[in-house]
Amino acid sequence: MCGIVGAIAQRDISEVLVEGIRRLQYRGYDSTGLAMLGDNGAICMRRAVGKVSELERKLEASPCRGRLGIAHSRWATHGGVTEANAHPHLSGERIAVIHNGIIENYESIREELAARGYEFRSETDTEVIAHLIHDLLKQDIDLTEAVRQAMRRFEGAYAIVVFDAQQPDRLVTARIASPLVIGHGDGENFVASGIQALLPVTRRFSVLDEGDMAEVRLDGVTIYDADGNIVEREITVSEQSADAVERGDYAHYMLKEIYEQPRAIADTLSERILGDHVLEAAFGPRAAEILPQVDNVHIVACGTSYHAGLVARYYLEQGARIPCTVEVASEYRYRNPVVQPGTLFLAISQSGETADTLAALREARKIGYVATAAICNVAESSLVREADLSLMTRAGPEVGVASTKAFTTQLAALGLLGLAIGQRRSVDRRLVGVYARQMQRVPEMVQQTLKLDAQIRVWARHFADKHHALFLGRGPTYPVAMEGALKLKEISYIHAEAYPAGELKHGPLALVDDDMPVIAVAPNDRLLEKLKSNLQEVRARGGRLFVFADPNTGFTPSDGVDIMTMPEHIEPLQAPLIYTVPLQLLAYHVAVLRGTDVDQPRNLAKSVTVE
């Protein structure tokens, strides 16, 4: 998710703006910029590709100062990572705009404005906002009314902040399906996409509701609801720490990143679901052209991302009703694949620089796929630059080598892809709407699951002296079991393997004894009774079971059987994201007890850029 900061004050607010976007950098971004109204009445704008430090260098060489301004950190959607595409965007040296989200109908508005003589200097959908508001102001209305009328034209999900050099008494901001908060100060007021940006200047916040628009002035804030009525939104005092990317009070980065998952998943879904459908433009400007052509998907990835791909196979085959194959990238490179007509090649990578995955993408571009796509956490990465379509996971920086929030946000992004393809096909649109609402509940349910932490810490004592462990799952939770086993072996150095529970009798059962714990993932789905039978095979051979179970599965603790009760009402679509979390916590606490280097386990690197 991009970062928004705006301020109006009786002092120079350049440092407030820069610090604000710096505090939002955990979300990830590829470019930054700010625009301020100087005391001479002219707009001063600076933009830079790369980190906040690049913008600061430009400001040191050529400062901007003022008492009214906006700043932005961008994660590219429409248009590449260039200074011209960075925000803010101007119109006529009068209007300055920053924007999160997607204007779905921007092309038709762009054509209309171009016909009226407006010149477009970027590839973005955002620039139409600036020019449309500028055009509406020609009707002799004020900025607030111009923004209101512009909102009636826009289709999509967005948060915008705009100022007019000729009306320097206000910022105007509005939101549809994209978060915005108002920061209340003393003789100064602020707006941002997250409260972290404003904690150095205020602790008093109002959250704008869906469809709200607000005038932000020196002496106060006026909020209008979707019907244009003046409304009050509760002002609350935040006790949240301003520490976004440091370890803070957590013992390890990995634990902090596990706990960041509700927010990271929410950010990944934000601005991409509107009502009962997914906004296709979230996948890039060519999505509307490419997605209708997709009849098959071929996923290629490595490690944790490969496990995400295995889950995605269920999303695509059951949700979108199209075939899906999943392959390890290092194997794909050395065979001669047969590509079916209408196949989308999808590469998944946290860093976007994974050598095998990147090489596979480059090979795929030569051999007849309908298009290539990337699911990634780094907008400026090679993978994203070279793919035809891309969706950013918005996990933000992940310091721990063992991936946690990068994995669950990949699952969220892949769920969106399944819905986007499904709604283009003959899938029941009502069912797509049900799935979309289920996805939006995932952050809250992950938050509930984190409350199991203390119980999982107790369970970890049973693993600390073990040398082997077996993980079991069925259906879409089998890849979750694979990910659980990977986490345990990565950071605790315990040998762990995962199997589909139905495969026990075909070999792994020979390993089961009272010294090898067996961890099972047991959602309440159509495979539950099959799973129960498989687990009975473990108990019959003296194996000790640790089961993460839905409360309605009928599991009860007994001698040799430990049960961890998961939150209620977890739907099959949600289960992979939610059941992943306790397995991460289990691996973490076992590693702590064994005294290993949790954040930097031996022999492993965060980004594997060599074959």
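A few notes on this one:
- E317 paired with E119, simple spin-label distance in nm, labels 7 Å along Cα-to-beta-carbon: 5.5 nm
- In the stretch 175-228, the GluC sites (Glu not before Pro) that fall in loop regions by DSSP, at most 13 other Cβ within 10 Å: E210
- Relative contact order (percent, whole number), the stretch 451-594, Cα cutoff 8 Å, 6+ residue spacing: 32 percent
- Each part gets one Cα centre, and for the stretch 9-69 versus the stretch 277-350 those centres are 39 Å apart.
- Relative to the dominant Cα principal axis of the chain, helix 528-540 is inclined by about 40°.
- The residues neighbouring R365, those whose beta-carbon lies less than 10 Å from its own, together hold a net charge of -1 under the Lys/Arg +1, Asp/Glu -1 convention.
- Taking all Cα pairs closer than 8 Å and separated by 6 or more residues, the relative contact order of the stretch 253-427 comes to 31 percent.
- The phi torsions of the stretch 490-497, fed into the Karplus equation with coefficients 6.51, -1.76 and 1.60 and a -60° offset, translate into couplings of 4, 10, 9, 6, 7, 5, 9, 10 Hz, rounded to whole numbers, with Gly and Pro shown as x.
- On Cα atoms only, tilt of 127-136 relative to the major axis of the chain in degrees: 30 degrees
- Förster-model FRET efficiency, 35 Å R0, E60 and E111, C-beta, rounded to 0.05: 0.30
- Shown in residue order for the stretch 518-527 are the 3J(HN,Hα) couplings computed by the Karplus curve 6.51 cos²θ - 1.76 cosθ + 1.60 at θ = phi - 60°: 10, 9, 10, 10, 10, x, 8, 10, 5, 9 Hz (x for Gly and Pro).
- For D212, distant residues with modelled amide H under 5 Å away: R175
- Summarising the amide proton neighbourhood of E155: residues at separation of 5 or more, or on other chains, whose placed amide H is nearer than 5 Å comprise E104, N105.
- Long pairs among K256/K451; K405/K530; K405/K505; K489/K530; K51/K487, criterion Cα-Cα beyond 25 Å: K405/K530; K405/K505; K489/K530; K51/K487
- Each residue of the stretch 62-69 was assigned a 3J(HN,Hα) from its phi angle through the Karplus expression (A = 6.51, B = -1.76, C = 1.60, θ = phi - 60°), giving 8, x, 10, 9, x, 10, 9, x Hz with x at Gly and Pro.
- When only the Cβ of Lys, Arg, Asp and Glu is charged (+1, +1, -1, -1), the dipole of the chain relative to its Cα centre reaches about 1140 debye.
- For A76, the residues whose modelled amide H falls within less than 5 Å of its own, excluding neighbours fewer than 5 places apart on the same chain, are D30.
- Radius 13 Å from Cβ of P567, net charge of other residues (Lys, Arg +1; Asp, Glu -1): -2
- Where labels lie 7 Å past Cα in the beta-carbon direction, separation of D225 and R429 in nm: 2.8 nm
- For V434, net neighbour charge (Lys/Arg +1, Asp/Glu -1) across residues whose Cβ lies under 13 Å away: +1
- Across the chain, the mean sequence separation of Cα contacts (distance under 8 Å, 6 or more residues apart), normalised by length, yields a relative contact order of 11 percent.
- Identified option (computed Cα extents along the principal axes in Å; candidates [x] 79, 78, 53; [y] 107, 57, 46; [z] 82, 53, 45): [z]
- Each of T236 and D12 was given a label point 7 Å from its Cα along the Cα-to-Cβ line. The distance between the two points is 3.6 nm.
- Annotation: cysteines of the chain without a disulfide-compatible partner (Cβ-Cβ under 4.7 angstrom) are C2, C302, C324, C376.
No lab work stands behind these numbers, since they all come straight from the coordinates. Just so you know, these numbers come straight off a predicted model, no measurement behind them. Cβ coordinates were reconstructed from backbone atoms using ideal geometry, including for glycine residues, and neighbour counts include every protein chain displayed.
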